[in-house]
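Structure first, then comments.
The values are calculated or read from the model by the stated rules, or taken from the named source; none is laboratory data. The model shown is predicted, which means the values in this text are computed figures rather than measured ones. Ligands, DNA and RNA are stripped out before the accessible areas are found, and what is left, the full protein with its side chains, is counted by its heavy atoms. Shrake-Rupley method; radii C 1.70, N 1.55, O 1.52, S 1.80 Å.
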Amino acid sequence: MQTSALYHRTESEYAFLYKPREFVVRLRTAKDDVQRVILYYGDPFDRRPRKSGGTRWHYQRVIMNKGLATKDHQYWEIKVRPQFSRIQYAFHVLGKDGTEIFYGELGCAAFNPGEIQDAANYFRLPYFHKIDMAKTPEWVKHTVWYQIFPERFANGDPSNDPEGTLPWDPDRAPTREDFYGGDLQGIIDHLDYLQKLGVNGLYLTPVFKAHSNHKYDTVDYLEVDPAFGDKRIFKALIDEAHARGMKVMLDAVFNHIGDESLPWQDVLRNQEQSRFKDWFHIRKFPASYEATEDNEYARKLTYATFAFTPHMPKLNTANPEVQAYLLDVAQYWIKQFDIDAWRLDVADEIDHHFWRKFATTCKRLKPDFYILGEAWHNAAPWLNGDEFTGVMNYQFTGLINRKFLFKNISNIDFIHGLNQQLMSYRAQTSEAMFNVLDSHDTPRILTLANQDKDAVKAAIAFTFLQKGVPCIYYGDEISMAGDNDPDNRRPMQWDPDKQDQEMYEFMQALIKVRKQYAVFLSEAPMQWLDAANGALLKLVRSGRTIDFVCLFNTSNQQQEVKLKNGDQEIFSRRLDDIDGRAYLLPEGFVILKRWKK
């Protein structure tokens, strides 16, 4: 047995409260190395008299379930419900080579009765504190998000158009400096469209006063940008959305601020004498830089910025004044306008200390508030329950792209990658991850797929079957295309004759399925069948009374699929009946509901 591969860590993604009394335990072993794992567990204070005198610790044993596997590792998992909200536990591991070891907090030991009674070698959670448990607001599981870039969604009020606003033209590739007049009234005008599509969560990129069209260079966090409208219009948008059962998430840019903001302007005027100098990370005075031909790249910066963008100086969130200012901002939009969530830009570049205060502030006002961080890598340090609820799941996005759009990864490697993602987080955290296939920061999915709409449909359908909440980038539902920023930010296509109505109907139907089975698709365990098969990707979401059997043809040949009597077809594309047999064409898929006996 490869004992060096054994791994467990308490109060982490390997040991966590899923519900207030339900404790999940995971163990990692080498792949194809272990035949069985038995969890020994009990109350650390439950010692009972021996007939021969003295006491012995009273324990229970349960065989752990063989769970998901990655390229190198096998995971084992079990849920237990200790009576007194505390537990100590260790693992009896039986190798395929006949080796038996007892694995606990002190490492590996020979398995024997004496070792079982040695409390020193047990992992322990002294008490289950509900307040420390990572939580997912129930409403999040039921949400299908729709991301809106306000400047490019719809121009509802031409009277607030900035000087130089261009005619609305979805066919023209914009530059980074272009304005088209999109605003909050334009979103209100199209809420019926969004409601008909079926989405019930609106994620708006920044709406606060800023210089640019994207608004990630905030000038004033407490004002709506005049080009978008005012607070009266914003309140109307929130109220109208809530009346339709839609949640609203705003984008908070707290890592940096715009160079036209009052604090930074004061620094530029007064330099080392500025009362705001400690609001920023200024390495030396004067605060300055050397410009280049690229407005977003500077040399010889004497202060920290987002990337090397001189117009976005980085805030010092360790400064108590900055903390108080930003926490007031967070509270203001919740108290005054009843927003439901914050998306946090460049969240991984801000200290954990601030985010803990931020989460406490938001959830004190609204306990079921959703906090979404932007992170493009493993984000476990931010997802322990006291900072973010979830993150934008770009690692997941990369895997989906490789499998369905680029087609440069095998089924087995794809499965291993997805499994690694799921095992990197607590179960409830995986249920709250924000599954995007494109956004304002990436090329559009149709462009990535080289205009292959069947590949796009397969990728989106697969995403809607996963743990985590799906998000649609505005215009994807009508097959808008676009390369990297700024081409991915074209004005929304509102001409019905230029909209892909078939894609719209596909998305509409898929959203309906996701919402109908939202809790099941959020929580049901994942199981892969015939993982080595290079043709059919076979995923089973397994519940108490039903299974979803999801089959995707990832080959370039049609594949026969075996249907059972009683199977209910929930959703499919490119599924043909040939001489009484069912076949999936390339890029086809079928989702079946199968009742358990």
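Some notes on this structure:
- Helical runs (DSSP H, four residues minimum) scored at -39500 (n - 2.57) apiece and divided by the length of the chain put the mean residue ellipticity at 222 nm at -6500 deg cm²/dmol.
- Split the accessible area of region 371-481 by element, probe 1.4 Å, and carbon with sulfur accounts for 52%.
- Accessible solvent surface per residue of the chain, calculated while the other protein chains remain in place, 1.4 angstrom probe, Å²: 42
- Straight-distance crosslink candidates among aspartates and glutamates, where the alpha carbon sits under 19 Å from Lys538 and sequence neighbours closer than 8 are dropped: Asp413, Asp454, Glu523, Asp530, Asp547, Glu560, Asp567, Glu569, Asp576, Glu587
- 3J(HN,Hα) from dihedral phi, region 481-494, Karplus parametrisation 6.51/-1.76/1.60, rounded to Hz, x for glycine, proline: 10, x, 8, 4, 3, x, 5, 7, 10, 5, x, 4, 8, 9
- Number of Lys pairs (Cα under 16 Å; 8 or more positions apart or on different chains) in region 362-473: 4
- For the pair region 343-381 / region 222-242, the C-alpha centres are spaced 24 Å from each other.
- Alpha-carbon centroids, region 450-524 and region 541-577: separation in whole Å: 21
- Building the convex hull from the alpha-carbon atoms of the chain and averaging its projection over directions returns 32.2 nm².
- Element breakdown for region 518-597 at a 1.4 angstrom probe: carbon and sulfur atoms account for 45% of the accessible area.
- Sequence-separation-based contact order of the chain, relative, with Cα cut under 8 Å and 6+ spacing, percent: 11
- Pairs beyond 21 Å (Cα-Cα), from Lys66/Lys562; Lys141/Lys562; Lys284/Lys314; Lys235/Lys498: Lys66/Lys562; Lys141/Lys562; Lys235/Lys498
- Averaging 1/r over every pair of different alpha carbons in region 383-530 and inverting the result gives a Kirkwood radius of 16.1 Å.
- Portion, in percent, of the accessible area of region 106-221 that falls on carbon or sulfur, probe 1.4 Å: 53
- Region 246-319 and region 103-167 have Cα centres spaced 30 Å apart.
- Projection of the Cα convex hull of region 1-150, averaged over all directions and equal to a quarter of that hull's surface, yields 12.3 nm².
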